[in-house]
Amino acid sequence: KQWYQRRVAVGTFFFFVLLISGSSGLKRSFTFDVSRTVVYVGGRTLIVNVVNGDVRGPVLRVNRGDTLSVKVTNHLPDHGISVHFHGFKMHKSKLYDGVVGLTQCAITPGESYVYEFVVNESPGTYWWHSHNAMFPVGHDFIKGPLIVYPEGKDLSQANSTSYVFEDEVILLYSDLYHNYMAYDHPLAMGGLNDPPGKDMEGFSAGATGWAGGLVNARGGNEETVDLEEGEYTFRVVNGGGIYAYFLSIDNHELKVVGMDGSDVQEFLTDIIQIYPGERFDFRVELQSTAPRNFVIRAETPAVDRNQGNRDEGALVVDFVGKIDR
């Protein structure tokens, strides 16, 4: 009996320790109001599904050990939604993985759901996005960056609407479809839409013809950033679903330091190729000897096989940076 009582007491003690040590950080709360609107983006007037009325989704910045809480309310008239935290292993939090039909039912129109869990992921770059089939109406802008920092990082000055924080710049790339994804994808599967471009080896560069691309929900030459001389970390996410991109910065080398939420052995390169869902972290030294204005180029693999040049429409966006002196 005494042995049993001691065992119960020890078990209760460890259970209590687990309860109080489940989260070592702060609780960081966000609100997602999902709705449909009409905007001019990428040179086109589009019907879009957005979060908090903006085509540019909010940035979720948390420290490892923090509790992340996201309240999602569905104001769409005709479609259920969910939110998936791309790259997260969701250890002990599988119910909040956001996969409709597997870990949860869809959040139906007019309803809300709260995702709340302790972030146990490695520090690095991730992203969040919708995860319930394809929207019957509206282009999908329900997506945004998700950054995990080491424990204790001061995030008091971080703004969820800003893609620049301290010495970091976020670049979230997206495909821009001719029509809605729910329309274009079935056509692509049946070979009924415009053929995709070819890469340098003659293979299809994507599943459907090139329609355009965005960075941080802006079209070509619509997005600029002013930076001072010094070293910056660029966190790049390919939030598209079809095309890979070659990414480079005029007159600058890229020091790659992370991929897909993990540190890597650092290496220098002039260009990276990033596929849908992938993330790259690299550092760039902006020097006064370089031109004051520089262009961050993202291009599809499509090329003109006869000329060896990238074909019309292959250039996604010129993201213009300015070095303040």
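The values are calculated or read from the model by the stated rules, or taken from the named source; none is laboratory data. What you are looking at is a predicted structure, and each value in this text was computed from that prediction instead of being measured. Every residue, glycine among them, receives a Cβ derived from its backbone with ideal geometry; neighbour counts consider all protein chains shown. The area values use the complete protein model at the heavy-atom level, side chains included, leaving out ligands, DNA and RNA. Shrake-Rupley method; radii C 1.70, N 1.55, O 1.52, S 1.80 Å.
Quick notes
- Residues in the range 125-153 that are assigned to a strand (DSSP E or B) and under 22 Å from PHE282 (Cβ atoms): THR125, TYR126, TRP127, TRP128, LYS143, GLY144, PRO145, LEU146, ILE147, VAL148, TYR149.
- Residues located in the range 170-196, provided they are assigned to a loop (DSSP other than H, G, I, E, B), modelled with pLDDT of 70 or more and open to solvent by 50 Å² or more (accessible area, probe 1.4 Å): HIS178, ASN179
- Scanning the range 79-95 for residues that are more than 16 Å from TRP127 (Cβ to Cβ) and open to solvent by 70 Å² or more (accessible area, probe 1.4 Å) yields a count of 4.
- Close pairs (8 angstrom Cβ cut-off, 6 or more residues apart or separate chains): farther than 16 Å from THR233 by Cβ in the range 273-288, open to solvent by 60 Å² or more (accessible area, probe 1.4 Å) and in a strand (DSSP E or B) anywhere: GLU278/MET259
- The range 126-159 - residue that is polar (S, T, N, Q) and either under 25 Å from ARG44 (Cβ atoms) or within 19 Å of the chain's Cα centre (by Cα) (or both) and, of those, modelled with the lowest pLDDT: ASN132
- Where a residue in the range 97-120 is farther than 17 Å from HIS86 by Cβ and its partner, wherever it lies, is of a type in the set (D, E, K, R) and crowded, with 19+ Cβ neighbours inside 10 Å, with Cβ under 8 Å and at least six apart: VAL118/ASP66
- Condition check for SER156: open to solvent by less than 60 Å² (accessible area, probe 1.4 Å), over 23 Å from SER82 (Cβ atoms), assigned to a loop (DSSP other than H, G, I, E, B) and not β-branched (Val, Ile, Thr): no
- Restricting the search to strands (runs of 3 or more DSSP E) fully inside the range 44-110 and requiring at least 2 residues that are touching a His at 6+ places or on another chain (Cβ under 9 Å) gives 44-51, 83-86.
- Of all residues in the range 197-237, those that are more than 24 Å from LEU146 (Cα to Cα), surrounded by fewer than 17 Cβ atoms within 10 Å (Cβ to Cβ) and touching a Leu at 6+ places or on another chain (Cβ under 9 Å) total 3.
- Residue within the range 66-77 that is modelled with pLDDT under 95 and open to solvent by 40 Å² or more (accessible area, probe 1.4 Å) present: yes
- Selected residue (criterion: nearest to GLN157 (Cα to Cα)) from residues of the range 43-62 that are open to solvent by less than 30 Å² (accessible area, probe 1.4 Å) and more than 17 Å from the chain's Cα centre (by Cα): VAL48
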